[in-house]
Amino acid sequence: MPIRIHNFAGRLGWNARKYLPRLSSESYLKLQFLTRGRSQKKYIDYFMQSREVPKPNVVNLETINRCNSTCEFCTANKNAEKRPYKRMEEALYYNIIDQLADWDYRGHLTLYGNNEPWLDTRIVEFHKYAREKLPDAFIFMSTNGLLLDVEKTKAIIPYVDQLIINNYCLDMKLHKNVQKIYAYVKAHPEEFQDVDILIQMRYLKEVLTNRAGSAPNKHEEKKIIKETCLMPFTDMWIMPNGKLGICCCDNFEVTDFGDLHEMSVRDAWNSPKYQELRRQIREGRQNYPFCKHCDFIDAGLRMDIVDDILKDHAPTHGARQSIFKAKR
């Protein structure tokens, strides 16, 4: 099925997020920390004990740092944005993709961060180049869909394995342009047989995580989070200025783990600064100032990847190797 809609527990879940936002958020996060903690620790142990630093499982490459939505949980929404405008230099983008190809990167790649990718007019051409250079990578696009239409959908699908449309709204209804896309794909499934199109029904005013304490509708400056976090072990976060940030929760681009104008992708990922971050986070977020109030946890893509690695490539006899598995 080339297109599907995910409602996150349907009307019951929608009403919980709408009328009991804080309780819904806290209950969900508590459940995830309880159920995911053991797998996270196992993967982090695997990562830290590997003879070579494993490659990232997800490369997030943000080519422009702007969004056109008003999601109340995100500091990158157009009413809360504080970052200096930046559009990645084309030479830098192509160089990063070339380096990933030379590194034989086969994990997940998304040209997305705290932004809306369709605000970058080069986005289709950028995806085309990434697809050509990284044929075995799983490339996915995540968009709020506000700028999307049928023609843009048809233009991007040759180069992505998955297109995620986050339909942020207040009424649990598809936006009119998304309705047209849905109807077209349903009527022409043969055109979309090689791509997975997922429409996610999202509540615009939802309370999610506190994003390292900075989320506009969930500030946090007191509670200390002692659980560990997968992100420094799974995700490479490349900002439009060419620097490696810590993760998606660095909404204001204040962390810096390497400048790709000055060092290679591989050297930045393997740098002593990054390794020190991992050593501290391994024992809990309280050990790293930026992370100590953060309650973010990824219970989706990253946990799926981690579970596959732990299941299919359990280490034996002290010999451990990094595994990168693209789900095509």
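The values are calculated or read from the model by the stated rules, or taken from the named source; none is laboratory data. Given the structure is predicted, the values throughout are model-derived calculations rather than measurements. Please note: Cβ atoms are built from the backbone with ideal geometry, for glycine as well, and neighbour counts cover all protein chains shown. Accessible surface areas use protein heavy atoms only, side chains included; no ligands, DNA or RNA. Shrake-Rupley method; radii C 1.70, N 1.55, O 1.52, S 1.80 Å.
What the table below lists for this structure:
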| quantity | calculated |
| --- | --- |
| Derived scalar couplings ³J(HN,Hα) [region 255-271; Karplus, 6.51 cos²θ - 1.76 cosθ + 1.60; whole Hz; x for Gly, Pro] | 8, 8, 10, x, 10, 6, 6, 10, 9, 6, 4, 5, 5, 5, 5, 9, 5 |
| Sulfur and carbon atoms: percent of accessible area, region 1-110 [1.4 Å] | 52 percent |
| Cα-projected label distance for residue 223 with residue 124, points at 7 Å along beta-carbon direction, nm | 4.5 nm |
| Modelled FRET efficiency - R0 30 Å, residue 101 with residue 200, Cβ distances, 0.05 increments | 0.50 |
| Listed residues 62, 283, 81 arranged by accessible area, highest first, probe 1.4 Å | 283, 81, 62 |
| Normalised contact order of region 1-102, rounded percent, pairs of Cα under 8 Å and 6 or more residues apart | 13 percent |
| For peptides 112-119, 204-211, sequence by mean Cβ density within 10 Å, most packed first | 112-119, 204-211 |
| Within region 237-276: backbone nitrogen closer than 14 Å to the residue 287 label point (7 Å, Cα to C-beta) | 274-276 |
| Computed accessible area, residue 267, all protein chains, 1.4 angstrom probe, square angstrom | 90 Å² |
| Estimated inter-spin distance, residue 169 and residue 264, nm [label 7 Å along Cα→Cβ] | 4.8 nm |
| Surface/4 estimate of mean projected area, convex hull on alpha-carbon atoms of region 13-106, nm² | 9.7 nm² |
| Distance-filtered residues of region 281-295 - backbone nitrogen under 14 Å, label point 7 angstrom along residue 254 Cα→Cβ | 288-294 |
| Accessible area (Å², 1.4 Å probe, nearest 10) - residue 52 | 130 Å² |
| Rg and Dmax [Cα atoms of the chain; Å; Rg one decimal, Dmax integer] | 19.3, 57 |
| Loop-located trypsin sites (Lys or Arg not before Pro) in region 52-123 whose Cβ has at most 13 other Cβ within 10 Å (DSSP) | 78, 82 |
| Cα coordinate range in region 225-281, projected on the principal axes (Å, largest first) | 34, 23, 16 |
| Sites residue 33 and residue 179 - FRET efficiency at Förster radius 35 Å, r taken between beta-carbons, to 0.05 | 0.40 |
| Accessible area per residue, Å², region 125-174 with all protein chains present, probe 1.4 Å | 37 Å² |
| Share antiparallel - DSSP beta bridges, the chain, percent rounded to 5 | 15 percent |
| Candidate residues 123, 5, 164: accessible-area rank, largest first, probe 1.4 Å | 5, 164, 123 |
| Those residues of region 86-123 whose amide nitrogen sits under 13 Å from the label point placed on residue 155, 7 Å along Cα→Cβ | 118-123 |
| Apportionment of accessible area to carbon and sulfur, region 169-328, percent (1.4 Å) | 49 percent |
